[in-house]
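Each remark here refers to the structure printed beneath this line.
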Amino acid sequence: MDLTQTATKPQPRQQLLGGGQGATFYNDVIKAWRAANIVPIFAQGNAGPSCATANSPGDSSSVIGVGATTSADGIASFSSLGPAVGGAVKPDVSAPGQNVRSAWSTSDESYSTISGTSMAAPHVAGCSTFALKRPSLSYDQVKAC
């Protein structure tokens, strides 16, 4: 998506970046995306199960940080948790992220079963896309869902 143009409706943008806590390296991009009506969605990180393990940029209050759940709908043992630096409750939402069957890089027909918040974040990006079909929803309303 061209960041020089503003989207007419909010668009989800899922990213798998991170490391460290309280980092501000991505703040300008997050601000640009929000100005362009792009909903920033980030995997929260895999440093759990202890509290205060939420990683940047998923620990920013300006993004939707995604944690991982198990097939029993509990928080996965590896899923990073808040509070974030600054006290924000994280993750904002959790989605299936343990033992997820996914396409794999060894061939066009390969699959593997893997775990991580990076497997959960695409579920949230997909749900956000459906939620944004309502023309009146803003980023703040999607984040509050």
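3J(HN,Hα) along region 102-107, derived from phi through the Karplus expression 6.51 cos²θ - 1.76 cosθ + 1.60 where θ = phi - 60°, amounts to 9, 4, 10, 7, 6, 6 Hz, with x in place of Gly and Pro. Normalised by the number of residues in the chain, the average gap of Cα pairs under 8 Å and 6 or more apart makes the relative contact order 23 percent.
The heavy atoms of Cys127 present about 90 square angstrom of accessible area, all protein chains included, probe 1.4 Å. Cβ-Cβ distance of Cys51 and Asp108, R₀ of 41 Å, FRET efficiency by 1/(1 + (r/R0)^6): the value works out to about 0.50. Mean residue ellipticity, 222 nm, helices only, the chain: the sum of -39500 (n - 2.57) across DSSP H runs of n ≥ 4, divided by residue count and rounded to 500, is -6000 deg cm²/dmol. A 1.4 Å probe over all protein chains sorts Trp33, Trp104 by accessible area into Trp104, Trp33, starting with the largest. Based on alpha-carbon atoms, the Kirkwood radius and the radius of gyration of the chain give Rg/Rh equal to 0.98. In order along region 113-129, the phi-based Karplus estimate (6.51 cos²θ - 1.76 cosθ + 1.60, θ = phi - 60°) of 3J(HN,Hα) comes to 9, 9, 10, x, 5, 5, 8, 7, 4, x, 4, 5, 4, x, 5, 4, 4 Hz; Gly and Pro are listed as x.
Heavy-atom accessible area, probed at 1.4 angstrom with all protein chains present, ranks Phe130, Phe78, Phe42 as Phe130, Phe78, Phe42, highest first.
Leu81 exposes around 40 Å² of accessible area when a 1.4 Å probe is run over every protein chain in place.
Modelled label positions at Ala131 and Lys31, each set 7 Å beyond Cα in the direction of Cβ, lie 2.5 nm from each other. Of Asp73, Asp92, Asp59, the residue with the largest accessible area leads and the full order is Asp73, Asp92, Asp59 (1.4 Å probe).
The values are calculated or read from the model by the stated rules, or taken from the named source; none is laboratory data. These numbers were taken from a predicted model, which means no experiment stands behind them. Backbone-built Cβ (ideal geometry, glycine too); neighbour counts: all protein chains shown. Just the protein is used for accessible areas: all its heavy atoms, side chains included, with ligands, DNA and RNA removed. Shrake-Rupley method; radii C 1.70, N 1.55, O 1.52, S 1.80 Å.
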